[in-house]
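Following: one structure in structure tokens, then a few remarks.
The values are calculated or read from the model by the stated rules, or taken from the named source; none is laboratory data. In this text, all values refer to a predicted model and were calculated from it rather than measured experimentally. Backbone-built Cβ (ideal geometry, glycine too); neighbour counts: all protein chains shown.
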């Protein structure tokens, strides 16, 4: 059996979808800096998962060199089988009660200004893992009180009280990715519901209007420009502050095929349109990912809100 089938048994039956050759603007250098190795070794020592590795992020070399890491809690096995995602699907790991403390320790040792905490989907848990998010935020606040915290959560589908619990823990940014346009959900996110994800983001603002909200889209999956612009409108209707747009990259031949590589000029066009629609912050480029340069972008986001409030005279 192939490595893909061993790691992703749910993907073994999928037909191969050879990816088209990558254009020059997509290629990145292999990671090999001393800082990269130190960050990797710390994560190994503390037995922490990172979405940087699990999702095969192309920016891992740059981010880990700069000691930026996105920690993935709730284990390394997901209960969903999204066709774009490289995270393993199957029977989830037992919930680790010591995981939040190890995350807090890692954040303190790396001296991070900003940390992104994400997770696998845990449909098997009564709260979808919300409690572990809360405990992780609390551990970071205890061990690294000056670090700002961004959570990138699953959709907590049919998990009553989960959103409310995470918002009450007061992360600095609440991020949940829509990932793609509604028409492609059946192919790309078969276990998710577009309007449930949109409602999550709207609910966060209902609970705490001052909390920054963020969402992300992949392009190159077969969506049209008109569909992308409609998603922007939907997100603004939900009062989302920050939008990220990046190129979908196919992890293996068993994953959803890349429909096309969107050009840098198109990404810049999306960026300008999104700012025109009222987003406070937009990151749009071929290599943009939800957590890429998250700390720098959070500083820009806060500055943009401050300028907005000053202009409004409040």
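Can you name every residue in the range 254-296 that is under 15 Å from the mean Cα position of the chain (by Cα) and in a loop (DSSP other than H, G, I, E, B)? Once the filter is applied, which keeps residues that are under 15 Å from the mean Cα position of the chain (by Cα) and in a loop (DSSP other than H, G, I, E, B), the range 254-296 yields 287, 288, 289, 290, 291, 292, 293. Do we find a residue being assigned to a loop (DSSP other than H, G, I, E, B), touching a helix residue (DSSP H, G or I) at 6+ places or on another chain (Cβ under 6 Å) and modelled with pLDDT under 95 anywhere in the range 243-251? No, every residue in the range 243-251 fails to be assigned to a loop (DSSP other than H, G, I, E, B), touching a helix residue (DSSP H, G or I) at 6+ places or on another chain (Cβ under 6 Å) and modelled with pLDDT under 95.
Given the condition modelled with pLDDT of 90 or more, buried (at least 16 other Cβ atoms within 10 Å of the Cβ), under 19 Å from the mean Cα position of the chain (by Cα) and at positive phi, answer yes or no: does some residue in the range 89-106 qualify? Among the residues of the range 89-106, not one is modelled with pLDDT of 90 or more, buried (at least 16 other Cβ atoms within 10 Å of the Cβ), under 19 Å from the mean Cα position of the chain (by Cα) and at positive phi, which makes the answer no.
Conditions tested, residue by residue: (1) under 19 Å from residue 166 (Cα atoms); (2) modelled with pLDDT under 70.
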| position | (1), (2) |
| --- | --- |
| 50 | no, yes |
| 57 | no, yes |
| 65 | no, yes |
| 76 | no, no |
| 114 | yes, no |
| 124 | yes, no |
| 127 | yes, no |
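Among the criteria (1) buried (at least 21 other Cβ atoms within 10 Å of the Cβ); (2) part of a helix (DSSP H, G or I), the one residue 226 does not fulfil is (1). Checked against (1) part of a loop (DSSP other than H, G, I, E, B); (2) farther than 20 Å from residue 281 by Cα, residue 186 passes all but a single condition, namely (1). Of everything in the range 192-217 that is touching a residue at least 60 places away in the same chain (Cβ under 8 Å) and closer than 18 Å to residue 281 by Cβ, the residue that is surrounded by the most Cβ atoms within 10 Å (Cβ to Cβ) is 214. Of all residues in the range 189-223, those being farther than 15 Å from residue 155 by Cα, touching a strand residue (DSSP E or B) at 6+ places or on another chain (Cβ under 7 Å) and assigned to a loop (DSSP other than H, G, I, E, B) number 2. Taking the range 260-314, which residues are more than 24 Å from residue 23 (Cα to Cα), crowded, with 17+ Cβ neighbours inside 10 Å and modelled with pLDDT of 95 or more? Hits for the range 260-314 are 274, 279, 280, 281. Could you tell me whether any residue of the range 154-161 is under 17 Å from residue 240 (Cα atoms), buried (at least 18 other Cβ atoms within 10 Å of the Cβ) and in contact with a helix residue (DSSP H, G or I) (Cβ under 8 Å, 6 or more places away or on another chain)? Yes, some residue in the range 154-161 is under 17 Å from residue 240 (Cα atoms), buried (at least 18 other Cβ atoms within 10 Å of the Cβ) and in contact with a helix residue (DSSP H, G or I) (Cβ under 8 Å, 6 or more places away or on another chain).
Contact map, the range 114-125: residues that are at positive phi and assigned to a loop (DSSP other than H, G, I, E, B) paired with residues that are surrounded by 24 or more Cβ atoms within 10 Å (Cβ to Cβ) and modelled with pLDDT under 95, Cβ distance under 6 Å, separation 6+ or inter-chain. No pairs are found.
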